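Please read the structure below before turning to the comments.
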Amino acid sequence: MKILCAKPLRGDIFPPFSPCGAPFLAFETENYRVFFKPAGMHSLPAPETARRAAIPGSFPDDQGVREEEGKDLLSWVKEEFPAQKGPFTAMKGGESPSHRRAEKEIGMLSRLDRATSGLIAFARSPEIFFHAQELQAAGRTNKRYWLLAQKLPQEEGLIGSRPRRLSWSAGDPLVSGREFSVESLFRSYGPGGYRVACIAFEPNPGGKRRTKKSTGPGLYRSDFFPAPALSNSDESSCSGLPDGLALEASITAGFRHQIRAHMAWCGHPIEGDPLYGPSSQGQAAAPTRGRLFLECHRLELESPGGGREIFELAGASG
């Protein structure tokens, strides 16, 4: 298989969690444009319902929704890169959900939470968009994230989940530095369904789910690996980061807040997470102006003909 490692358009060094207040075009190939979305920016325009439902003290991740109105990556791309719109606004005769999404979102292939920074890819034509959608559904794309998790275990786990906390049969792999995977169903949880809860999948002899909870349509898996490259030493490009558990996460299919919820379910929420961190369990967390230490730094996408394109923000060094 032909593998293309795309060259960054904005230099070769971009350390994880770099303070960046504005989006930018990071990569451009024949098939894709890949943009960097900074933390604090929505991927899509915030729904009117979310703007009206910003209840003070309820969901800190929604605090500032009203002050952030209009600040979203899709609107920015439409304004700054009109060439991205052309092939999609010219689409004819498509009334399927995929066609409507392709036209409305001008080829956007994935999203990131407002609090999460990182790479988001856009297909450059409807043909590439539909091709990429098929590959995503088949689990043939990959997204990788840097993250820093809290070292001190959160014994109460993730509220609304069943079981409340994921238990390990042979010690805590995060503390011992082992690779591990987390797999669950998801359901919306709390006022407005803004949070999510993890539901363990327990098939019965007939192969059906043994949960009465209303869950999403699939089983979602996150793979986690130690990330020594996120060293906090004085010589590292990552110096100055919180002293957390440094991990890399890999997913092929994503659910809303998937990695954040999986880490909280393990008992080690991501540093700076106002929704799933310790202070949010059992009661609302206090509003925070800090950042969530979760960043999508690598995308692997297939191209027509079977080639593979890799887009990676390289910058961590130990």
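The values are calculated or read from the model by the stated rules, or taken from the named source; none is laboratory data. Fair warning: this is a prediction, and the values are worked out from it, not measured in the lab. A quick note on method: Cβ atoms are made from the backbone with ideal geometry, for glycine too, and the neighbour counts reach across all protein chains shown. Please note that ligands, DNA and RNA were not included when accessible areas were found on the heavy atoms of the full protein model with its side chains. Shrake-Rupley method; radii C 1.70, N 1.55, O 1.52, S 1.80 Å.
Does F122 fit the bill of being in contact with a helix residue (DSSP H, G or I) (Cβ under 8 Å, 6 or more places away or on another chain), outside any loop (DSSP other than H, G, I, E, B), buried (at least 22 other Cβ atoms within 10 Å of the Cβ) and not charged (D, E, K, R)? Walk me through it before giving the result.
Numbers: in contact with a helix residue (DSSP H, G or I) (Cβ under 8 Å, 6 or more places away or on another chain): yes; outside any loop (DSSP other than H, G, I, E, B): yes; buried (at least 22 other Cβ atoms within 10 Å of the Cβ): yes; not charged (D, E, K, R): yes.
It is true that F122 is in contact with a helix residue (DSSP H, G or I) (Cβ under 8 Å, 6 or more places away or on another chain), outside any loop (DSSP other than H, G, I, E, B), buried (at least 22 other Cβ atoms within 10 Å of the Cβ) and not charged (D, E, K, R).
Of all residues in segment 134-148, which are touching a helix residue (DSSP H, G or I) at 6+ places or on another chain (Cβ under 9 Å), surrounded by fewer than 23 Cβ atoms within 10 Å (Cβ to Cβ) and at pLDDT 90 or above?
So in segment 134-148, the residues touching a helix residue (DSSP H, G or I) at 6+ places or on another chain (Cβ under 9 Å) come out as 140-141, 145-148.
Adding the requirement that they be surrounded by fewer than 23 Cβ atoms within 10 Å (Cβ to Cβ) leaves 140-141.
Result: T141, single match.
State all residues of segment 26-42 that are under 21 Å from I310 (Cα atoms) and out of contact with any Cys (no Cβ under 8 Å at 6 or more places or on another chain); if no residue qualifies, say none. Walk me through how you get there before you give the answer.
The initial filter retains those residues of segment 26-42 that are under 21 Å from I310 (Cα atoms), namely 26-38.
If the condition is that a residue be under 21 Å from I310 (Cα atoms) and out of contact with any Cys (no Cβ under 8 Å at 6 or more places or on another chain), then A26, F27, E28, T29, E30, N31, Y32, R33, V34, F35, K37 are the ones that fit.
Looking for whichever is under 22 Å from the mean Cα position of the chain (by Cα) and either under 22 Å from I270 (Cα atoms) or in a strand (DSSP E or B) (or both) here; the options are L135, L152, L174. Which one fits?
On the way: L135 fails: either under 22 Å from I270 (Cα atoms) or in a strand (DSSP E or B) (or both); L152 fails: under 22 Å from the mean Cα position of the chain (by Cα).
The conditions single out L174.
Only residues in segment 155-172 that are of a type in the set (S, T, Y) count as the first member; pair them with residues that are open to solvent by less than 40 Å² (accessible area, probe 1.4 Å) and outside any loop (DSSP other than H, G, I, E, B), Cβ under 6 angstrom, at least 6 apart or cross-chain, and list the lot.
Qualifying pairs under 6 Å: S161/A197; S161/C198; S161/W265.
Of all residues in segment 178-188 being touching a helix residue (DSSP H, G or I) at 6+ places or on another chain (Cβ under 9 Å) and either among the aromatic types (F, W, Y) or closer than 18 Å to F225 by Cβ (or both), which is most open to solvent (accessible area, probe 1.4 Å)? Write out each step before concluding.
Pass one, segment 178-188, residues touching a helix residue (DSSP H, G or I) at 6+ places or on another chain (Cβ under 9 Å): 179-180, 182-184, 186-187.
Restricting the remaining residues to those that are either among the aromatic types (F, W, Y) or closer than 18 Å to F225 by Cβ (or both) gives 179-180, 182-183, 186.
Working: E179: 129, F180: 18, V182: 2, E183: 96, F186: 1 Å².
Checking each candidate, the answer is E179.
Any idea which residue in segment 279-318 is modelled with the lowest pLDDT, counting only those that are closer than 16 Å to I259 by Cα and not aromatic (F, W, Y)?
So the first thing to find is which residues in segment 279-318 are closer than 16 Å to I259 by Cα, and the list is 291-299.
If we keep only those that are not aromatic (F, W, Y) as well, we get 291-292, 294-299.
Values: R291: 89, L292: 95, L294: 97, E295: 96, C296: 97, H297: 95, R298: 95, L299: 96.
So, considering only residues that are closer than 16 Å to I259 by Cα and not aromatic (F, W, Y), the one modelled with the lowest pLDDT is R291.
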